[in-house]
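The values are calculated or read from the model by the stated rules, or taken from the named source; none is laboratory data. Remember, predicted model here, so these are calculated numbers, not experimental data. Positions of Cβ are generated from backbone atoms using ideal geometry, with glycine treated the same way; all protein chains shown enter the neighbour counts.
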Amino acid sequence: MGKARGAPGAVRTARRVRAGGPGKRAGGNTGTAPWADLTTAVHVQEAEGDPAKRAFTVEELQAFFDHADDQVRRVRGRGRKGWLPVFRDATAFKVAYGFGLRRAETAMLDLADFGPNPHAAEFGDYGLCRVRFGKASRGSPPKRRSVLTVWPWLPGVLEQWIGEARPMMPAAGDSAALWPSERGERIGTSTLNRRFTQARDALGLAAGLDFHSLRRSYVTHLLEDGWDALFVQHQVGHEYASTTALYSCVSSDFRTRTLRRALDATMTAALGPGKDKR
């Protein structure tokens, strides 16, 4: 143990794989994506208007996950007792990205919040994640949603933590939480944030990358990989498509490829069979 199965190259590999069932991207032209709607969602966090806040690039995210795994090996290799919390944190980062979760949603996960997706049996018992503490609208209780698993490496990460590492946490036997703390039932959001910041700063990454950037990256990487925008919007629990658009930080290369596809399709249609030939 010490490095979650499927973690090396996980981000790069995930970009090349499609999940089956409801998680499968919709076919056809994505040029009229719902997030093109210009309506402004009034509930968007002000932070999303901060130009410093952004998604990880694929390379940055892979480096971040690799660093988190390296910390586990380093701490355990020295014979220190604190490797389990380090392993927990590394797994929590991957789960937050893997399901596009907010910080509080990640911290409040319980063991019972995972289940099979009958339309994607390849994910076993981790085909979906039930989010019970989603961001609430003003005056309303937390919103619930189910997030379908799309990354093939994610079930292995959860299986290793739940089946092998978590049982060794001192509070595991008395806690239903997915992430028991060292001295209590559940890890707090401030701890998740502190551990994230330490890892980010150790790599010298930009300060604009915060815990919420894992969620921005989930949205961005799915859209760049061709997943249907309405599916992505439902996965992250956004009421408005314009909110999902604010989260996305697609690269210039993605925009260039999208433009090229559209221009090529237009030219193909113009020169296709049935057109008058002169």
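The table for this structure:
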read-out: One residue from TRP179, TRP153 being closer than 25 Å to ASP225 by Cα and among the aromatic types (Phe, Trp, Tyr); value: TRP153
read-out: Failed item in (1) touching a helix residue (DSSP H, G or I) at 6+ places or on another chain (Cβ under 8 Å); (2) of a type in the set (A, V, I, L, M); (3) part of a helix (DSSP H, G or I), with LEU101 passing the rest; value: (3)
read-out: So LEU230, is it within 22 Å of TRP161 (Cβ to Cβ), in a helix (DSSP H, G or I), in contact (Cβ under 8 Å) with a residue 40 or more places away in the chain and aliphatic (A, V, I, L, M); value: no
read-out: Selected residue (criterion: nearest to PHE114 (Cα to Cα)) from residues of segment 125-168 that are touching a Ser or Thr at 6+ places or on another chain (Cβ under 8 Å) and in a loop (DSSP other than H, G, I, E, B); value: GLY127
read-out: Enumeration of residues in segment 32-73 that are over 21 Å from ASP89 (Cα atoms) and either in a helix (DSSP H, G or I) or modelled with pLDDT of 50 or more (or both); value: PRO34, TRP35, ALA36, GLU46, ALA47, GLU48, GLY49, ASP50, PRO51, ALA52, LYS53, ARG54
read-out: Conditions (1) modelled with pLDDT of 75 or more; (2) in a helix (DSSP H, G or I): number failed by ASP210; value: (2)
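Yes or no, residue by residue, for (1) in contact with a helix residue (DSSP H, G or I) (Cβ under 7 Å, 6 or more places away or on another chain); (2) on the phi < 0 side of the Ramachandran plot:
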position: PHE87; (1), (2): yes, yes
position: ALA92; (1), (2): yes, yes
position: ASN117; (1), (2): yes, yes
position: LEU128; (1), (2): no, yes
position: GLY139; (1), (2): no, no
